[in-house]
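The values are calculated or read from the model by the stated rules, or taken from the named source; none is laboratory data. All figures in this text were calculated on a predicted structure; none of them were measured in a lab. All Cβ positions, glycine included, derive from the backbone under ideal geometry; neighbour counts span all protein chains shown. The accessibility values were calculated without ligands, DNA or RNA, using every heavy atom of the protein model including side chains. Shrake-Rupley method; radii C 1.70, N 1.55, O 1.52, S 1.80 Å.
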Amino acid sequence: MNPPGTFGKLVPLETLPAGARATVRTLGAADDHALLGLTGLGLLPGARIEVLRRRPVFCIRLDGACYAIDLDLARNILVETDAAAPAPHQPVRRRWRWRSGRNDKHAV
Amino acid sequence: MSTHGTPAPIVPPPAVAVRRIALVGGPNVGKSSLFAALTGQYVMVSNYPGTTVEVSRASLRLGETEAEVIDTPGIESFRALREEERVTRRFLLDHPPDVVVHVVPAPQLAHGLALTAQLMEAGLPVVLVLNMLDELSAAGGSVDTEALASRLGIPVCGTVATRGEGIPRLREILAKEVPPAVPPPIVYPPAVADFLATHADRLARLGLPPRAAGLLLLLSDPDVRARAETVDAGLSKSAAATRDAACPGDAGTAGCHGCFLASGAAAIHIGLARRAWATDIAAAALRGKPADAAPPRASADDLLLHPLGGFLVLAAVLYALFAVVGVFGAGMVVDWIEGHVFAEHLTPGVTSLVETLVPGAALRSLLTGTNGIWTLAVTYAVAIIVPVVGLFYLCFGILEDSGYLPRLGVLVHRFLARLGLGGQAAIPLILGLGCVTTATLATRALPSRRERLIAVLLMSLATPCAAQLGVVLAILSFSPWALAVWAGVVLLAFLGTGLAAGRTLPGPPPRLMTELPPLRWPSPRHIARKSAMRIGRYLLEVLPYFAAASVILWGLEWTGLLVGVETALRPLARLVGLPEEASRFLLFGFFRRDYGAAGLYDLASTGALNLRQLVVAAVLMTLFIPCLAQLMVLRKEFGTRTTAGIVAFVFVTAFAAAGLLNAGLAAYGL
């Protein structure tokens, strides 16, 4: 489920919960290599993605395929979330999720 | 050298030449399956990106003509980022094949077409194959290949390579002449289009298809840039200017919403232009496919990638591997084959046969003496190494085909990141447990030279190959403490080296960016076939080494030099508290790791070593010397200087660790 009030705003991909759907707007990868890697996967402005899981790394669905990207990359991708949509598996998954503040500590 | 991309081929192919058909496509799209379906020849097929890191060939009969089919490593884009991608691109541009078969998974048509566009821009004779049609129809979709073919202007064919569907039609297409493709009408940003139009003549002088060369130059491709620097430095400069102005918005200064960093503008807008073209074409060709299919709800990934559950599964997998390879393989199977089949039946038979048939003591000892070809080469390879390595490959094959390995990489990414490696490095590292030589090649799939270096360093030093692992488990299994000490020291060496290398080696930070292929049930038939091929190849690779080592040792013995060499190695053995006989297994280890392992197994079974010496010898053998076979691969992949550095490091670390361990254990009175 998308956080309330985020519809239409640009947020880092990193902040999205599992189950959220969004459209990529901006890629600000740290270097050429990373940027070319992402565009090579088809992760371009306008691409529609869905967050499958956030841990151990970000897993996203893009064009029917599933990709894993690390948090550093996810932090630099700005997305626009869809209008709030129900996410059926949310309550079950919540118990197993780590606190969201821990991302930064684990970033390498 | 051939120049191409111009309307007519400048160098006509010689009349007798075999038609060359290259299979090209993204990673893990089924190129190798298609290769097998076309030619009937098996190449390694797995369920993860990066299985094929070398070009492999097989011949194919097409009606009257003979053709050669070439399987290539997967590429995401013409702008190569990894070594395996460069292998493919170099191959395509330097020796353009007569037909380029682009394999695209039908469910990801739009994504795949972006690479089709690049192959067409390079003026290559492209045929598009839509593979995995079954997965598309399972998702409720279908594709109109006729419409696609007329839109693209190239032959298109649908297949299910794993079941052989669509192969007859593909053979028909391949039997005919395929003309070079015309660049597709992609609308690039004005600055990019201007650059390509204005400099077409100068780009042609780079010796590459001009349009492809121009776009690669704008994407800062190091190979093409280097070529431009030497041929036409001005061109390189205007490419740099175009790169900064590639964004069509805001007069190209501040960049648009999508590429607010000017440095990325070219990559993003070239990608967007290709994407728009591909989406348009895919939308017209796809029928009845839900645009945004819902993901499966309860998936095994919830467990496999769970922060706790995932590691429990990993522990279970490793334990199963240990039980099958170490306990069953190295323990029971080796005991039975070596102690029963060889010692009681084969060896006496062969020995008496040699004695009656072969004249001369020298020749007889070459065959069945202590260091003879039969005694060392054949017995070691068949009785000790093959059961262990074979069982390892069997288990590894199951892991590969299930799609578990990329998930393992994701699971351990954060841990590996501290060692300067991305999660993708987990696959070559585990492959290193089989044989370091093949694993060294597999590092081509890693994204940077830095990661490749760290991975091979860890493999050379602290990753025991299956043969070593099996022998260590066999000789130490009677004492859990000894096993724990050995594992602890090796792990310490692994972590210490990784942490130090991760901090000191220059290069970009590790990144994880990988596809997670769907989980599939491995097919027993396929696993059996793959393992059999791997064991066959392994035997073919090791037997000559073993035999050569036997001949050299035999020669040394007859000339009396062996004593000298062993005497020279004695101080090394003494340094780590090993008896003099141990210098022999050290010598064996120089030839091949597994040979040394088998030698140690022999030595230990004679009871010449006490517990402390066993542990020290096990540690020394695990850490010690990348064997001759690996040295050659290392030199080919990384150059002489780097290889020398790795060898020196491994040598010093191995003896230092073993010496310290020996002193430490001795201090505790063991």
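Restricting B:Leu303, B:Leu286, B:Leu308 to residues that are in contact with a Gly (Cβ under 9 Å, 6 or more places away or on another chain), hydrophobic (A, V, I, L, M, F, W, C), modelled with pLDDT of 75 or more and closer than 22 Å to A:Val51 by Cα narrows the list to B:Leu303.
So for segment B:589-611 (the condition being among the β-branched types (Val, Ile, Thr), assigned by TED's automatic domain parsing to the domain that holds B:Val382, modelled with pLDDT of 85 or more and out of contact with any Lys or Arg (no Cβ under 8 Å at 6 or more places or on another chain)), does at least one residue qualify? No, because not a single residue in segment B:589-611 is among the β-branched types (Val, Ile, Thr), assigned by TED's automatic domain parsing to the domain that holds B:Val382, modelled with pLDDT of 85 or more and out of contact with any Lys or Arg (no Cβ under 8 Å at 6 or more places or on another chain).
The single residue among B:Ala532, B:Ala493 that is open to solvent by 30 Å² or more (accessible area, probe 1.4 Å), of a type in the set (A, V, I, L, M) and over 22 Å from B:Pro27 (Cβ atoms) turns out to be B:Ala532. Taken together, B:Glu68, B:Glu76, B:Glu121 contain a single residue that is surrounded by 17 or more Cβ atoms within 10 Å (Cβ to Cβ) and in contact with an Asp or Glu (Cβ under 8 Å, 6 or more places away or on another chain), which is B:Glu76.
Report yes if B:Arg520 is free of Cβ contacts under 8 Å to residues at least 12 places away in the same chain and exposed (fewer than 15 other Cβ atoms within 10 Å of the Cβ), otherwise no. Considered against the rule, which asks whether it is free of Cβ contacts under 8 Å to residues at least 12 places away in the same chain and exposed (fewer than 15 other Cβ atoms within 10 Å of the Cβ), B:Arg520 comes out as no. Among residues of segment B:399-419 being at the interface with another protein chain (Cβ under 7 Å from one of its Cβ atoms) and more than 11 Å from B:Leu305 (Cβ to Cβ), the one that is nearest to the chain's Cα centre (by Cα) is B:Ala417.
For every residue, the table says whether it meets (1) of a type in the set (A, V, I, L, M, F, W, C); (2) part of a loop (DSSP other than H, G, I, E, B).
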residue	(1), (2)
B:Gly123	no, yes
B:Pro168	no, no
B:Glu172	no, no
B:Ala181	yes, yes
B:Leu208	yes, yes
B:Leu215	yes, no
B:Val224	yes, no
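Just to verify a result, which residue in segment B:435-450, among those that are of a type outside the set (Ser, Thr, Tyr) and outside any helix (DSSP H, G or I), is nearest to the other protein chains (Cβ to nearest Cβ)? Only one residue tops the list, namely B:Pro447. Only one entry of B:Glu581, B:Glu557 meets the criterion of being closer than 21 Å to B:Leu665 by Cβ, in the same structural domain as B:Phe655 (by TED's automatic domain parsing) and open to solvent by 60 Å² or more (accessible area, probe 1.4 Å), and that entry is B:Glu581. Quick check on B:Phe396: is it among the aromatic types (Phe, Trp, Tyr) and in contact (Cβ under 8 Å) with a residue 60 or more places away in the chain? It is false that B:Phe396 is among the aromatic types (Phe, Trp, Tyr) and in contact (Cβ under 8 Å) with a residue 60 or more places away in the chain. Selection within segment B:615-658: residues that are among the basic types (Lys, Arg) and at pLDDT below 90. The member of this set that is surrounded by the fewest Cβ atoms within 10 Å (Cβ to Cβ) is B:Lys636.
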